[in-house]
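Novice: This structure is in structure tokens; I'll ask about it shortly.
The values are calculated or read from the model by the stated rules, or taken from the named source; none is laboratory data. Because the structure is a prediction, the values reported are computed rather than measured. Here the Cβ is made from the backbone with ideal geometry for all residues, glycine too, and neighbour counts use every protein chain on show.
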Amino acid sequence: MTLVLAFLIGLAILLFLAIRLKISAFVALLVSAVVIGLLSGLPADKVIHDITGGFGKILSSIGIVIIFGVILGKYLEDGGAARRLALASIRALGQKNSPAAMSISGYLVSIPVFSDVAYVILVPLAKAISNRSGMAFAVLAVALLSGLQATQIYVPPTPGPLAVAGLLNLDIGRVIMYGGISAIFMTMFGWAYAVFWLRKTDPQPWEYDAAEAAAMADQGDDQDKNLPGLFASLFPLLLPMVLILLNTTSAMMLGKGHVLTKVFDFVGDANVALALGTLAAVVTLGHRLGREKILDIVDDSLKTAGPIIFITAAGGSLGAVLKDSGVGNAVAAQVAGSGLPFILIPFVISGLLKTIQGSGTVAVITSATLCAPLAEQLGIDPILIFLATGAGARLICHVNDSLFWIFTKMNGYDMKTGLRTMSASSFFMALGGLFGTWIVQMFLL
């Protein structure tokens with residue numbers, strides 16, 4: 001059996017298990033790894049060795065990082081920091097520029113906080129602004145969503161980017177830099193769709209009923225008075241990102257032997273930096289949360305991080321089998337001979353997976369695993385695979401995405417309106433991410 005045929009059979013089984021039978025992506029990835037390994041001619045003991053070795057390698061590289069990233073995000077969410085950052089953006093830009101302010105708010109808040117949770121936290125601000133100013137609510141909602149979904153897929157310490165960075169063996173500092181750039185373009189394209197199209201097609205402002213208006217007014221006043229300060233909200237988020245970036249750039253700026261380079265090698269390691277960011281959140285926000293809540297968040301975060309870590313590690317198992325069996329190089333050679341622009345391959349694979357099965361995290365992990373051999377075979381920077389898979393994972397967000405239903409229910413939309421607003425905007429966001437990938441490609445070349 002040819003290696004490419006073995007790959008196609010394994011891929012078909014992966015999709016059948018995950019999509020048709022609704023089996024966990026963790027199990028589907030492991031089964032696919034076994035099938036591809038055996039069909040490609042690897043001895044059975046070598047297949048098991050690759051699966052366990054690839055699993056352990058990824059687990060050791062991103063397990064602790066993802067756990068601390070989830071804990072940090074939960075502290076910022078429950079401590080009121082997410083809402084404070086949004087209010088600061090709105091006040092800085094003014095009511096006239098509220099769509100841009102909502103996009104910036106989403107961009108910042110979704111770096112540490114899951115996008116579905118962040119939307120629930122921030123959409124009341126969009127409703128209040130729309131009701132007070134008469135501005136189209138759909139514009140504000142989609143502008144907010146654009147920022148949320150961009151950094152959720154591109155910028156650590158949110159778990160998805162950390163997982164893909166581990167699979168592709170990427171430096172986290174480079175992921176933050178280039179992911180942040182592509183996230184800006186993704187946000188801008190979604191914002192533009194909202195401002196230039198939805199303002200015409202969906203101009204209605206948000207209308208409260210009497211009871212809701214009274215409840216929201218009381219809740220808003222109480223929340224805003226008791227929110228943490230801007231420094232307390234921003235410092236735990238910026239600290240790990242700055243330390244990681246210093247680790248990435250210090251050797252180039254100061255030289256490898258410089259004492260500060262050695263310091264940043266330690267404190268800027270992603271594991272240490274995120275641990276320090278989590279500690280900073282406890283110091284700045286802990287008095288608002290209380291000891292019991294601080295401890296409960298750790299327990300809850302472990303439950304949230306576990307599935308992400310294990311699915312990513314299973315992707316590492318599949319990646320190890322693809323590499324040792326020669327399947328990855330065979331597929332990469334076929335792609336290279338096709339003449340297609342290479343950044344379209346991970347974009348299309350990720351986009352199809354996202355559209356079919358709904359999970360952006362599963363889409364980027366699977367796509368990155370399948371496309372990793374492209375980087376080695378074609379001699380390209382794997383950061384481009386990271387960026388292209390992220391863009392593809394925003395291609396079509398529709399009814400099989402949990403965020404779609406959060407968006408429609410929180411906004412009072414029917415399914416048709418959700419498709420016209422959120423799903424259509426996600427298509428333009430994907431194009432924005434792909435454009436950002438092209439910009440980064442030009443810069444790297």
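Novice: Scan region 301-359 residue by residue and report those that are aromatic (F, W, Y) and over 20 Å from L162 (Cβ atoms). Break it down into steps so the answer makes sense when it comes.
Specialist: Pass one, region 301-359, residues aromatic (F, W, Y): 310, 342, 347.
Answer for region 301-359, where residues must be aromatic (F, W, Y) and over 20 Å from L162 (Cβ atoms): F342, F347.
Novice: Another question, if that's okay. Across region 179-209, what is the total count of residues that are charged (D, E, K, R) and free of Cβ contacts under 8 Å to residues at least 24 places away in the same chain?
Specialist: From region 179-209, those charged (D, E, K, R) are 199-200, 202, 207, 209; that's our starting set.
When the remaining residues are screened for being free of Cβ contacts under 8 Å to residues at least 24 places away in the same chain, the result is 200, 209.
Final tally of qualifying residues: 2.
Novice: Scan S110, S105, S89, S60 and give me the residue that is of a type outside the set (F, W, Y) and within 20 Å of L167 (Cβ to Cβ). Reasoning before the result, please.
Specialist: Working: S110 fails: within 20 Å of L167 (Cβ to Cβ); S105 fails: within 20 Å of L167 (Cβ to Cβ); S89 fails: within 20 Å of L167 (Cβ to Cβ).
Only one candidate qualifies: S60.
Novice: Another one. Can you pull out the residues in region 394-417 that are surrounded by fewer than 18 Cβ atoms within 10 Å (Cβ to Cβ), closer than 18 Å to L198 by Cβ and either touching a helix residue (DSSP H, G or I) at 6+ places or on another chain (Cβ under 8 Å) or among the basic types (K, R) (or both)?
Specialist: Selection gives H398, M410, D414, M415, K416, T417.
Novice: I need the full set of residues from region 400-442 which are of a type in the set (A, V, I, L, M), over 21 Å from S103 (Cα atoms) and free of Cβ contacts under 8 Å to residues at least 40 places away in the same chain, in order please.
Specialist: Hits for region 400-442 are M415, M442.
Novice: Under the condition of being among the small types (G, A, S), more than 16 Å from the chain's Cα centre (by Cα) and buried (at least 18 other Cβ atoms within 10 Å of the Cβ), which residue from region 106-141 is farthest from A273 (Cα to Cα)? Break it down into steps so the answer makes sense when it comes.
Specialist: Taking region 106-141 first, the residues among the small types (G, A, S) are 106, 110, 115, 118, 126, 128, 130, 133-134, 136, 138, 141.
Cutting the leftovers down to more than 16 Å from the chain's Cα centre (by Cα) gives us 126, 128, 130, 133-134, 136, 138, 141.
Subsequent filtering for residues that are buried (at least 18 other Cβ atoms within 10 Å of the Cβ) retains 126, 128, 130, 136, 138, 141.
Details: A126: 33, A128: 37, S130: 39, A136: 41, A138: 38, A141: 33 Å.
Among residues in region 106-141 that are among the small types (G, A, S), more than 16 Å from the chain's Cα centre (by Cα) and buried (at least 18 other Cβ atoms within 10 Å of the Cβ), the one farthest from A273 (Cα to Cα) is A136.
Novice: Say whether the condition of being in a helix (DSSP H, G or I), more than 26 Å from the chain's Cα centre (by Cα) and modelled with pLDDT of 90 or more is met by at least one residue in region 15-35. Steps first, please.
Specialist: We begin by selecting, within region 15-35, every residue in a helix (DSSP H, G or I); these are 15-20, 25-35.
Okay, now just the ones that are also more than 26 Å from the chain's Cα centre (by Cα), so 34-35.
If we keep only those that are modelled with pLDDT of 90 or more too, we end up with 34-35.
The answer is yes; a qualifying residue exists.
Novice: Looking at (1) out of contact with any Asp or Glu (no Cβ under 7 Å at 6 or more places or on another chain); (2) crowded, with 19+ Cβ neighbours inside 10 Å, can you tell me which one R288 breaks?
Specialist: Failed condition: (2).
Novice: Tell me, please, whether a residue that is surrounded by 20 or more Cβ atoms within 10 Å (Cβ to Cβ) and over 28 Å from V195 (Cβ atoms) can be found in region 418-435.
Specialist: Checked against the condition, which is being surrounded by 20 or more Cβ atoms within 10 Å (Cβ to Cβ) and over 28 Å from V195 (Cβ atoms), region 418-435 yields no hits at all.
Novice: Looking at region 261-316 only, could you name the residues that are part of a loop (DSSP other than H, G, I, E, B) and without any contact (Cβ under 8 Å) to a residue 12 or more places away in the chain?
Specialist: Of region 261-316, the ones part of a loop (DSSP other than H, G, I, E, B) are 268-269, 290.
Hit for region 261-316 is G290, nothing else.
Novice: Here is a follow-up. Are any of the residues in region 185-193 crowded, with 18+ Cβ neighbours inside 10 Å, modelled with pLDDT of 95 or more and of a type in the set (S, T, Y)?
Specialist: yes
Novice: Within region 52-103, how many residues are of a type in the set (A, V, I, L, M, F, W, C) and over 30 Å from Y193 (Cα atoms)?
Specialist: Of all residues in region 52-103, those of a type in the set (A, V, I, L, M, F, W, C) come to 55, 58-59, 62, 64-68, 70-72, 76, 81-82, 85-88, 90, 92-93, 100-102.
Now narrow it down to the ones that are over 30 Å from Y193 (Cα atoms): 55, 58-59, 62, 64-68, 70-72.
Number of matching residues: 12.
Novice: While we're looking at this one, here's another question. If you take the residues in region 226-251 that are in a helix (DSSP H, G or I) and of a type in the set (S, T, N, Q), which one is nearest to V283 (Cα to Cα)? Steps first, answer last, please.
Specialist: Our first condition is that a residue be in a helix (DSSP H, G or I); within region 226-251, this holds for 230-251.
Of the ones still in play, those that are also of a type in the set (S, T, N, Q) are 233, 247-250.
Details: S233: 11, N247: 24, T248: 26, T249: 28, S250: 27 Å.
Among residues in region 226-251 that are in a helix (DSSP H, G or I) and of a type in the set (S, T, N, Q), the one nearest to V283 (Cα to Cα) is S233.
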